[in-house]
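Take a look at the structure below.
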Amino acid sequence: VTQFTMTTIEELGLLKMDFLGLRTLTVIQDAEKMVRRKVPDFDITKIDPTDKEVYEMIGNGHTEGVFQLESSGMKSFMKELKPQNMEDIIAGISLYRPGPMDFIPRYIEGKNHQESIHYECEQMEEILEPTYGCIVYQEQVMQIVMKLAGYTLGRSDLVRRAMSKKKGDVMIKERQNFVYGNEEEGIPGCINNGIDEKTANQIWDEMLDFAKYAFNKSHAAAYAVVAYRTAYLRCHYPVEFMAALLTSVLGNTNKISEYSYACKKLGIKILPPDINYGEGAFSVDHGNIRYGLTAIKSLGRPVIEAIIRERNLNGPYRDFKDLVERLSSKEINKRTVENLIKSGALDCFHVTRKQQMIVYASVIDSIQKERKNEIAGQMSLMDLLGEEDQQSFQISYPDVGEYEKEQKLAMEKEVLGIYVSGHPLEDDIERLERSVTAHTSDFVIDEETGKTKIHDRESCIIGGLISEMSVKLTKKNQNMAFITLEDLRGTVEVVVFPRQYATYQSLLREDAKVFIKGTTQISEEESKVICNQIISFEDSRQELWVQFADKEAFFKEEDALKGILTSYPGKNPVVIYCKTERAVNRLGRDYMVSGDENLLFDLEKRYGKENIRVRSLGI
């Protein structure tokens with residue numbers, strides 16, 4: 001370890017080394033441990049690096065949680081690239097950065113149409129063939145000057161560093177050496193090796209252009225190995241991988257929401273925490289993922305360890321009373337129990353959360369009073385009973401039923417940071433997906449890259465629930481609002497300035513479901529949306545398309561179709577598309593419809609789901 005800067009260290013001739021601590025390495029390790037419970041000899045270092053299913057998954061853009069490949073831009077790139085081997089992944093990671101991005105179309109064109117690749121000279125083919133004619137890596141710059149101009153390995157590294165550090169004086173000198181050679185320094189040069197002056201200068205210019213951004217291949221290769229291993233786990237052991245991934249972001253509710261949504265798309269159910277089956281971290285439970293007890297607010301690690309230790313020693317907790325009796329007052333108190341109830345961790349006792357919330361305080365008081373009596377040497381009624389009779393004493397729960405769904409979800413959100421047993425927006429998923437251009441997860445700043453999936457000053461439409469709102473007074477004595485908008489993947493802050501606040505004030509209330517059109521504001525510390533326009537879910541416009549094979553088929557069904565449409569009057573226009581003629585016919589205002597899901601059901605039942613589409617008209 002030194003106190004010198006990296007440039008001084010290099011000038012002194014010392015080797016500079018960077019050690020990167022990646023959260024992803026812990027994810028891989030944790031997932032591997034879980035996989036070994038069902039495949040004892042599983043070893044992540046011995047997986048097949050040519051697995052077609054893994055590359056197919058990456059090429060389809062299904063890479064949530066996959067190291068380096070989960071951003072929306074990278075997903076799109078992978079869909080175009082369709083990687084087939086590790087070299088493609090290495091190149092993809094190297095190219096997807098500012099600067100090299102300009103070379104992506106050329107790289108993909110070369111990969112898909114190799115006859116289009118042009119090499120300035122035959123010596124270049126051997127070096128650039130793996131990257132389809134593009135200079136992608138710093139090592140390729142070194143290979144080119146060595147093979148074409150006769151540089152030594154050490155001298156070629158000097159060229160690489162000069163180009164990457166943009167050392168103009170060094171590059172002017174080295175261009176001369178590269179093209180014409182330098183007899184004193186033992187460099188033959190391109191011309192002496194049979195490459196003409198014009199071609200040599202063209203090659204130098206191309207190297208110069210790309211070397212400003214070129215990536216070190218060994219660095220990219222290490223990243224690609226980590227990316228492939230996470231992709232392999234996601235492909236073949238998705239439950240174990242997602243459980244490990246969720247554990248790695250404990251405390252980051254936005255990331256937990258994002259990855260929980262990814263689990264839902266994979267068909268993996270997220271189960272509530274459970275006092276009898278849960279672990280401290282997220283765990284695998286019969287093909288599903290059990291929420292980690294550590295995620296419950298106000299439950300410190302010592303409390304969780306005590307709960308699990310007692311359970312492992314003496315078996316599952318039989319009921320609420322048994323739980324309180326088996327743990328000391330230091331380990332469990334009223335706040336702890338209340339949060340366990342709200343999270344759903346005590347649902348295994350088969351008593352409603354509402355019933356438990358009513359009695360828990362009195363049960364704890366009663367047990368603590370008994371403990372004090374024991375210390376004082378006083379006998380209670382329970383002391384006169386045998387152990388079997390004591391166990392027969394049950395808590396008397398009032399007949400009050402369960403909380404309403406909204407209240408249960410609100411309690412889960414309060415103590416877990418996210419909804420687990422459901423979501424207030426679960427009935428609006430299709431409407432959201434059809435209407436938005438960005439999700440709240442796009443605004444999360446990645447702790448490893450420091451970047452968001454969405455770019456600064458980008459226009460976007462987001463939609464969801466206003467979960468929090470605060471109104472502030474500006475210096476000009478005008479109201480403005482800061483709101484937290486929540487969708488199924490997380491939350492994002494939205495700033496509503498006075499002009500927009502005055503226009504849309506009636507829509508700004510907690511629990512309101514709205515679409516917001518705005519402009520992104522991204523910095524290193526935070527990301528938010530500056531509001532331009534707001535509309536409620538009910539008032540958002542959509543367009544219903546009904547497809548027929550041809551005009552004749554439409555005319556036969558016209559009366560029946562219009563009969564269905566007039567049963568659901570509303571503000572959304574209806575468009576008829578006749579496939580054979582490619583004819584588009586917009587029906588009049590008399591046939592405008594609502595967004596009722598029953599309408600879609602009726603139309604899909606009669607004409608087939610594949611012939612019914614709903615398109616968002618934006619806001």
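Please go through the stretch 119-144 and give me each residue that is in a helix (DSSP H, G or I) and either of a type in the set (D, E) or free of Cβ contacts under 8 Å to residues at least 60 places away in the same chain (or both), ordered by number. Step through it out loud before you land on a result.
Kept after step one, since they are in a helix (DSSP H, G or I), are these residues of the stretch 119-144: 122-131, 138-144.
Residues satisfying the conditions are E122, E125, E126, I127, L128, E129, P130, T131, E139, M142, Q143.
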List pairs: first in the stretch 1-17 and closer than 16 Å to K167 by Cβ, second modelled with pLDDT under 80 and not hydrophobic (A, V, I, L, M, F, W, C), Cβ under 7 Å, 6+ apart or cross-chain? M6/K16; E10/K16
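Looking at E305, E279, which one is out of contact with any Gly (no Cβ under 6 Å at 6 or more places or on another chain), within 19 Å of E32 (Cα to Cα) and modelled with pLDDT of 90 or more?
Details: E305 fails: within 19 Å of E32 (Cα to Cα).
Result of the check over E305, E279: E279.
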If you go through the stretch 358-368 one residue at a time, do you hit one that is part of a loop (DSSP other than H, G, I, E, B), of a type outside the set (F, W, Y) and either touching a residue at least 40 places away in the same chain (Cβ under 8 Å) or buried (at least 18 other Cβ atoms within 10 Å of the Cβ) (or both)? no
Note on the stretch 280-293: residues crowded, with 19+ Cβ neighbours inside 10 Å and in contact with a Leu (Cβ under 8 Å, 6 or more places away or on another chain) are A281, F282, I289, R290, Y291, G292, L293
Residue tally, condition loosely packed, with under 13 Cβ neighbours inside 10 Å and either in a loop (DSSP other than H, G, I, E, B) or touching a Gly at 6+ places or on another chain (Cβ under 8 Å) (or both), over the stretch 330-341: 1
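What residue, among those in the stretch 1-12 that are in a loop (DSSP other than H, G, I, E, B) and at pLDDT below 80, is surrounded by the fewest Cβ atoms within 10 Å (Cβ to Cβ)?
Of the stretch 1-12, the ones in a loop (DSSP other than H, G, I, E, B) are 1-5, 12.
Keeping just the survivors that are at pLDDT below 80 gives 1-3.
Numbers: V1: 2, T2: 10, Q3: 5.
Only one residue fits best here, namely V1.
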Just to be sure before I move on: is K472 exposed (fewer than 15 other Cβ atoms within 10 Å of the Cβ), in the same structural domain as S441 (by TED's automatic domain parsing) and part of a strand (DSSP E or B) in the structure I sent? yes
Name, by its number, the condition in (1) surrounded by 13 or more Cβ atoms within 10 Å (Cβ to Cβ); (2) at pLDDT 80 or above that does not hold for K405. (1)
Any residue at all in the stretch 63-83 that is surrounded by 16 or more Cβ atoms within 10 Å (Cβ to Cβ), at positive phi and either of a type in the set (D, E) or in contact (Cβ under 8 Å) with a residue 24 or more places away in the chain (or both)? yes
D511 versus (1) in contact with a Cys (Cβ under 7 Å, 6 or more places away or on another chain); (2) at positive phi: which is the lone unmet condition? (1)
Residue count, the stretch 476-496 (criterion: surrounded by fewer than 15 Cβ atoms within 10 Å (Cβ to Cβ) and under 22 Å from V436 (Cα atoms)): 1
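The values are calculated or read from the model by the stated rules, or taken from the named source; none is laboratory data. Because the structure is a prediction, the values reported are computed rather than measured. Virtual Cβ from ideal backbone geometry, glycine too; neighbours counted across all protein chains shown.
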